[in-house]
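The values are calculated or read from the model by the stated rules, or taken from the named source; none is laboratory data. Keep in mind that what you see is a predicted model, and the values were worked out from it rather than measured. As a convention, Cβ positions derive from the backbone with ideal geometry for all residues, glycine included, and neighbour counts pool all protein chains shown.
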Amino acid sequence: MNKTVNQKAWFLVLPVIVLVAFSAVIPLMTVVNYSVQDTFGNNQFFWAGLEWFDIMLHSERMWNALGRQLFFSCIILLIEVPLGIFIALNMPKSGFWSSFCLVLMSLPLLIPWNVVGTIWQVFARVDIGLLGYTLSAIGIEYNYTQEAFSAWATIVAMDVWHWTSLVALLAFAGLKSIPDAYYQAAKIDQASRWAIFRYIELPKMMGVLMIAILLRFMDSFMIYTEPFVVTGGGPGNSTTMLSIDLVNQGFNLGPKAAFSIMYYLVILLISYVFYTVMTNMDKKEGK
Amino acid sequence: MEWMAWTWPTALFFAIIAMTLTVFTILAIKFPEMSRMGVLGMETTRGDRLFITLLGSAFINLAWLGVIGAKQPFALIVCLVYALAVFRWV
């Protein structure tokens, strides 16, 4: 039977194209236009060429922010991924307590970013916050507004509190998809707990873990609201992440646009690498 | 459109990208894509190689600007060599 060729279905894609054009493509084009010009508002633009890119590439401030950002994302991944897997492995697999744990784990994910920031800002205060006050009372020197280590510890703890659940839920979904036969085979072979994790659970979770790593990396790499609310980028510049530094560039749209494009390119590159690794893994699994 | 602050160089830049995408779409219709295994150890289609070329070219231009900082058009020659390498081996 001959297949009917009908290209009219392409019109169904039209709303998506329009939406993406207005929400992503046109703003991105505008940012590119701004990046090669100088403007302080009033819709007056002056050609600047690649000057803003040049300035940004030689800006020590930007490289420092990039370094901090990468460091932050690495710490986040190193803590959240193993912790999320550990939680998922120890969660009840079925019954009432399983549902209870799932709801409990989802709660931090439902809280808006700025509320999370405010909660931790108060929680970590030395004078009235439960965490800050307790740490000070037991003799630990802690003040997130004046000391860089405390500020970092606070925003890392905050992110771990906010987002480990996501990794745990994804890992849990991966674990649930493993058929019982695998565990039965492991039992017959008298495999140790570690061997079960290493050769059954981890490979089966790999797909969702890659998604978790990608999501956590992207989110932590673009983090703005929480550290801005808690530390405002301080003390000094110690917690000024890339997005906070981007906003602090002043009123001229040119350098901000040039900064944004470079930021975007880095994110695009890393996303592409993750995407490629993920799809290649899927293909290998499919074979 | 005034708020988009168009300039001739940026308009040309986007026109070239749009043209490249159009040409590759036509090529994909006329000569359907076949994925192949390249030096990076992953399967790539013609579209993948175009994406790698465009993204890599952006970084080559930034690196040229940051390290050499003069005669930017020469970076495009490096990009061309890079593009040929990507389409041949990746």
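Structure notes:
- Number of residues in the range A:22-67 that are within 12 Å of chain B (Cβ to nearest Cβ) and in a helix (DSSP H, G or I) equals 20.
- Subset of the range A:184-198 (residues that are assigned to a helix (DSSP H, G or I) and either loosely packed, with under 14 Cβ neighbours inside 10 Å or in contact (Cβ under 8 Å) with a residue 24 or more places away in the chain (or both)): A:GLN184, A:ALA185, A:LYS187, A:ILE188, A:ARG193, A:TRP194, A:ALA195, A:PHE197, A:ARG198
- Scanning the range B:2-16 for residues that are of a type in the set (A, V, I, L, M) and at the interface with another protein chain (Cβ under 10 Å from one of its Cβ atoms) yields B:MET4, B:ALA5, B:ALA11.
- Scan of the range A:193-248 for residues that are of a type in the set (Gly, Ala, Ser) and within 27 Å of A:TYR275 (Cβ to Cβ), ordered by number: A:GLY207, A:ALA212, A:SER220, A:SER243
- Here A:GLY233 meets each of (1) surrounded by fewer than 16 Cβ atoms within 10 Å (Cβ to Cβ); (2) touching a helix residue (DSSP H, G or I) at 6+ places or on another chain (Cβ under 8 Å); (3) on the phi > 0 side of the Ramachandran plot with one exception, condition (1).
- Hey, B:ARG88 more than 13 Å from chain A (Cβ to nearest Cβ), crowded, with 16+ Cβ neighbours inside 10 Å and of a type in the set (Lys, Arg) or not: no
- Exactly one residue out of B:VAL39, B:VAL81 is more than 18 Å from A:LYS283 (Cβ to Cβ) and either more than 13 Å from chain A (Cβ to nearest Cβ) or part of a helix (DSSP H, G or I) (or both), and it is B:VAL81.
- For the range A:258-272, the count of residues that are more than 19 Å from the chain's Cα centre (by Cα), under 29 Å from A:SER150 (Cα atoms) and not in a helix (DSSP H, G or I) is zero.
Here is a yes/no grid of residues against (1) more than 30 Å from A:VAL156 (Cβ to Cβ); (2) surrounded by 17 or more Cβ atoms within 10 Å (Cβ to Cβ); (3) among the aliphatic types (A, V, I, L, M):
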{"site": "A:VAL32", "(1), (2), (3)": "yes, yes, yes"}
{"site": "A:THR39", "(1), (2), (3)": "yes, yes, no"}
{"site": "A:GLN44", "(1), (2), (3)": "yes, no, no"}
{"site": "A:ALA48", "(1), (2), (3)": "yes, yes, yes"}
{"site": "A:TRP52", "(1), (2), (3)": "yes, yes, no"}
{"site": "A:ASN64", "(1), (2), (3)": "no, no, no"}
{"site": "A:GLN69", "(1), (2), (3)": "no, yes, no"}
{"site": "A:PHE72", "(1), (2), (3)": "no, yes, no"}
{"site": "A:VAL81", "(1), (2), (3)": "no, yes, yes"}
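- Checklist (1) more than 10 Å from chain A (Cβ to nearest Cβ); (2) under 19 Å from the mean Cα position of the chain (by Cα); (3) not charged (D, E, K, R) applied to B:ILE68, failing item: (2)
- For A:GLY236, the criteria (1) of a type in the set (Gly, Ala, Ser); (2) over 22 Å from A:ASN90 (Cβ atoms); (3) over 16 Å from the mean Cα position of the chain (by Cα); (4) modelled with pLDDT of 90 or more hold in every case but one, which is (4).
- Of the residues screened, A:VAL103 is one that is within 24 Å of A:VAL167 (Cβ to Cβ) and out of contact with any strand residue (DSSP E or B) (no Cβ under 9 Å at 6 or more places or on another chain).
- Residue within the range A:210-221 that is without any contact (Cβ under 8 Å) to a residue 24 or more places away in the chain and buried (at least 17 other Cβ atoms within 10 Å of the Cβ) present: no
- Only one entry in A:ALA181, A:ALA148 is closer than 30 Å to A:ILE223 by Cα and of a type in the set (Gly, Ala, Ser), namely A:ALA148.
- Scanning the range A:1-19 for residues that are modelled with pLDDT of 85 or more and within 14 Å of chain B (Cβ to nearest Cβ) turns up A:VAL13, A:ILE17.
- Scanning the range B:17-26 for residues being away from chain A (no Cβ under 14 Å) and closer than 27 Å to A:VAL277 by Cβ gives a total of 2.
- Picking from residues in the range A:244-287 that are of a type in the set (Gly, Ala, Ser) and within 22 Å of A:ASP54 (Cβ to Cβ), the one that is farthest from the other protein chains (Cβ to nearest Cβ) is A:GLY250.
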